[in-house]
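Chemist: I have a structure here, written as structure tokens, and I will follow up with some questions on it.
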Amino acid sequence: LRGCIPKKLLIYGAHYADHFEDAKNYGWILDPQHDWPTLVDNKNTELDRLSGIYTKILSNNDVDLHEGRGVLADEHTVEVGENTITSEHILIAVGGWPSMPDIPGIEHAISSNEALELPSLPKRMVIVGGGYIAVEFAGIFAGLGVEVTNILRADTVLRGFDEDIRLSLDKEMNNRGINIVSNTMVHSIADEGAEFNLRLENGESLKTDLIMYATGRYPNTANLGLENIGVQLTENGSIKVDEWNRTTVPNIYAVGDVTDRIQLTPVAIQEGTAVSETLFNNNPIQVDYGDVPTAVFSNPPIGTVGLTEVEAREKFDRVDIYDSRFKPLLHTLSGRDENTYMKMIVDANTNRVIGVHMLGMDAPEIIQGIAIAIKAGATKAHFDGTTGIHPSAAEEFVTMRSRRKTQR
């Protein structure tokens, strides 16, 4: 409730700016105005509703809920305030927290936590970072009319994603008026009263009304008492676990972002389910971390599953690449300057599809279905033999024929 859901609700809110603009060439005459406090209030109302549902689910399943900070007293004991709880097994799932750099003036910056609760929208905003949180919030605030500058250390956004997807999103963000300043970081922040002055490592400076950092998250393991009972941590503070999610203390388990594996909510749920099945249902399960689909709710959004082109070329001798870039049917009338990009990566020796990537409207929804095929070992022939749904963007994945070969 601190991240995925509230952020997605803000993304929906920001997208209405596009919808209203698109509607003009479809005959709708509109003069909409946006009220930020209304969006925030309604978002919080929904979060309260969901929180109540989760609490009720726990109660209905006879789970005792103790609200407060838990500290491990020993390998079987957790202290929460004045309460002491003992258990045969303990599961740690405390998640992560936004990291902030140690630079002069950092106290003037906010993280994604505060960005979800702004009392009002600034005229200008700087977002520092090039990961999915940074580009998602850049899309949110730009969509709501804020002048957004995105500062990142790399040459473009989303390190670790397929290069063609990265470059395509970079272009789309620029088309939407987001100013991307690459290959540098903020050296210092100075409060000048009416605005902030950011001095960059490249010697340049810029003025802004709000600074948000989205430069990563760290495991929330401090002050849990882990060091007192022998739970080992990695260099970045995450909890070491084995393939059964077991820590170095055999009866203590850990799942989710606190273990610094794949930081996705569905993965954490799978890990928690695996622990539960293994311990209490006589059904030992290990989570399969291969071909995990993921989405970036940027504007336009991204969906991806499997290997990037670079990863595929490193792993396989011969790789076939199929891709397509086109203007979605919606925008042939709306006139919006936005393209969809789709890419399929195939092991040329076996014809198996080993990576699928998409940037464009509905990409996360489309890739979720394709992920099942990839997990099942589908080949390019399976895709070619599937009838497309017309007219749709998704049908492009079953009609791709033009390929380019690459070799290691």
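The values are calculated or read from the model by the stated rules, or taken from the named source; none is laboratory data. Note that the coordinates shown come from a computational prediction; the quantities given were computed from them, not determined experimentally. Don't worry about glycine lacking a Cβ; one is built from the backbone with ideal geometry, like all the others, and counts go over all protein chains shown.
Rundown of residues vs (1) at pLDDT below 95; (2) crowded, with 17+ Cβ neighbours inside 10 Å; (3) out of contact with any His (no Cβ under 7 Å at 6 or more places or on another chain); (4) more than 18 Å from THR149 (Cβ to Cβ), yes/no style:
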site	(1), (2), (3), (4)
HIS76	no, no, yes, yes
ILE92	no, yes, yes, yes
SER99	no, no, yes, yes
ILE106	no, no, yes, no
ASN113	no, no, yes, yes
LEU116	no, yes, yes, yes
PRO119	no, no, yes, yes
ALA134	no, yes, yes, no
PHE137	no, yes, yes, no
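Chemist: Give segment 386-408 a look and list any residue that's assigned to a loop (DSSP other than H, G, I, E, B), of a type in the set (D, E, K, R) and at pLDDT 95 or above, or say none. Let's see the steps before the verdict.
Modeler: Applying the first criterion (assigned to a loop (DSSP other than H, G, I, E, B)) to segment 386-408 yields 386-395, 400-402, 408.
Subset that is of a type in the set (D, E, K, R): 395, 401, 408.
Of everything in segment 386-408, just one residue is assigned to a loop (DSSP other than H, G, I, E, B), of a type in the set (D, E, K, R) and at pLDDT 95 or above, namely GLU395.
Chemist: Scanning segment 304-351 for residues that are among the charged types (D, E, K, R) and in contact with a Phe, Trp or Tyr (Cβ under 9 Å, 6 or more places away or on another chain), which turns out surrounded by the fewest Cβ atoms within 10 Å (Cβ to Cβ)?
Modeler: Initial filter on segment 304-351 (among the charged types (D, E, K, R)): 309, 311, 313-315, 317-318, 320, 323, 325, 327, 336-338, 343, 347.
Next cut, in contact with a Phe, Trp or Tyr (Cβ under 9 Å, 6 or more places away or on another chain) only: 323, 325, 343, 347.
Details: ASP323: 18, ARG325: 14, LYS343: 24, ASP347: 20.
The selected residue is ARG325.
Chemist: Let me ask something additional. Hey, can you tell me all the residues within segment 196-238 that are over 27 Å from the mean Cα position of the chain (by Cα) and surrounded by 15 or more Cβ atoms within 10 Å (Cβ to Cβ)?
Modeler: PHE196, ARG199, LEU206, GLY225, LEU226, ILE229, VAL231
Chemist: How about segment 376-394: which of its residues are farther than 18 Å from PHE326 by Cβ and without any contact (Cβ under 8 Å) to a residue 40 or more places away in the chain?
Modeler: First pass over segment 376-394, keeping only residues farther than 18 Å from PHE326 by Cβ: 376-382, 384-387.
ALA376, GLY377, ALA378, THR379, ALA381, HIS382, ASP384, GLY385, THR386, THR387 - these are the residues of segment 376-394 that are farther than 18 Å from PHE326 by Cβ and without any contact (Cβ under 8 Å) to a residue 40 or more places away in the chain.
Chemist: Moving on to the next point. Report every pair of residues separated by at least 6 positions or lying on different chains whose Cβ atoms are under 9 Å apart, first residue within segment 44-60 and among the acidic types (Asp, Glu), second modelled with pLDDT of 95 or more.
Modeler: Once the first residue is among the acidic types (Asp, Glu) and sits in segment 44-60, its partners that are modelled with pLDDT of 95 or more give GLU46/ILE5; GLU46/PRO6; GLU46/LEU9.
Chemist: Moving on. ASP257 - would you say it is part of a helix (DSSP H, G or I), under 18 Å from the mean Cα position of the chain (by Cα) and closer than 28 Å to VAL128 by Cα?
Modeler: yes
Chemist: Just one of ASN197, ASN175 is touching a residue at least 60 places away in the same chain (Cβ under 8 Å) and either of a type in the set (S, T, N, Q) or on the phi > 0 side of the Ramachandran plot (or both); which is it?
Modeler: On the way: ASN197 fails: touching a residue at least 60 places away in the same chain (Cβ under 8 Å).
Sole residue among the options that is touching a residue at least 60 places away in the same chain (Cβ under 8 Å) and either of a type in the set (S, T, N, Q) or on the phi > 0 side of the Ramachandran plot (or both): ASN175.
Chemist: Specify which of the listed residues (LYS43, LYS8) is charged (D, E, K, R), outside the structural domain of LEU333 (by the TED database), in contact with a Leu (Cβ under 6 Å, 6 or more places away or on another chain) and part of a helix (DSSP H, G or I).
Modeler: On the way: LYS8 fails: in contact with a Leu (Cβ under 6 Å, 6 or more places away or on another chain).
Of LYS43, LYS8, the one residue that is charged (D, E, K, R), outside the structural domain of LEU333 (by the TED database), in contact with a Leu (Cβ under 6 Å, 6 or more places away or on another chain) and part of a helix (DSSP H, G or I) is LYS43.
Chemist: Whether any residue in segment 265-275 is of a type outside the set (Phe, Trp, Tyr), buried (at least 17 other Cβ atoms within 10 Å of the Cβ), outside the structural domain of ILE140 (by the TED database) and in contact with a Pro (Cβ under 9 Å, 6 or more places away or on another chain) is what I want to check.
Modeler: Looking for residues that are of a type outside the set (Phe, Trp, Tyr), buried (at least 17 other Cβ atoms within 10 Å of the Cβ), outside the structural domain of ILE140 (by the TED database) and in contact with a Pro (Cβ under 9 Å, 6 or more places away or on another chain), one finds at least one in segment 265-275, hence yes.
Chemist: Please verify whether THR215 is in contact with a Gly (Cβ under 6 Å, 6 or more places away or on another chain) and β-branched (Val, Ile, Thr), treating the condition exactly as stated. Break it down stepwise before answering.
Modeler: Details: in contact with a Gly (Cβ under 6 Å, 6 or more places away or on another chain): yes; β-branched (Val, Ile, Thr): yes.
For THR215, the condition - in contact with a Gly (Cβ under 6 Å, 6 or more places away or on another chain) and β-branched (Val, Ile, Thr) - is met.
Chemist: Taking segment 201-213, which residues are touching a residue at least 24 places away in the same chain (Cβ under 8 Å) and either among the charged types (D, E, K, R) or not assigned by the TED database to the domain that holds VAL126 (or both)?
Modeler: LYS207, ASP209
Chemist: So, one more: Out of segment 53-93, which residues are touching a helix residue (DSSP H, G or I) at 6+ places or on another chain (Cβ under 7 Å), part of a loop (DSSP other than H, G, I, E, B) and under 23 Å from ASP242 (Cα atoms)? Working first, answer last.
Modeler: Going residue by residue through segment 53-93, those that are touching a helix residue (DSSP H, G or I) at 6+ places or on another chain (Cβ under 7 Å) are 65, 72, 74-75, 89, 91-93.
Going one step further and asking which of them are part of a loop (DSSP other than H, G, I, E, B), we end up with 65, 75, 89, 93.
Once the filter is applied, which keeps residues that are touching a helix residue (DSSP H, G or I) at 6+ places or on another chain (Cβ under 7 Å), part of a loop (DSSP other than H, G, I, E, B) and under 23 Å from ASP242 (Cα atoms), segment 53-93 yields GLU75, HIS89, ALA93.
Chemist: Conditions: (1) under 16 Å from GLY139 (Cβ atoms); (2) in a helix (DSSP H, G or I); (3) of a type outside the set (D, E, K, R). HIS34 meets all but one. Number of the miss?
Modeler: So HIS34 meets the others, but not (2).
Chemist: Please go through segment 147-162 and pick out each residue that is over 17 Å from the mean Cα position of the chain (by Cα) and surrounded by fewer than 24 Cβ atoms within 10 Å (Cβ to Cβ).
Modeler: Within segment 147-162, GLU147, THR149, ARG153, ALA154, ASP155 qualify.
Chemist: How many residues are among the hydrophobic types (A, V, I, L, M, F, W, C) and closer than 15 Å to THR399 by Cβ when one looks only at segment 319-340? Outline the logic, then answer.
Modeler: Step one: filter segment 319-340 for residues among the hydrophobic types (A, V, I, L, M, F, W, C), giving 319, 321, 326, 329-330, 333.
Those left that are additionally closer than 15 Å to THR399 by Cβ: 326, 329.
Count: 2.
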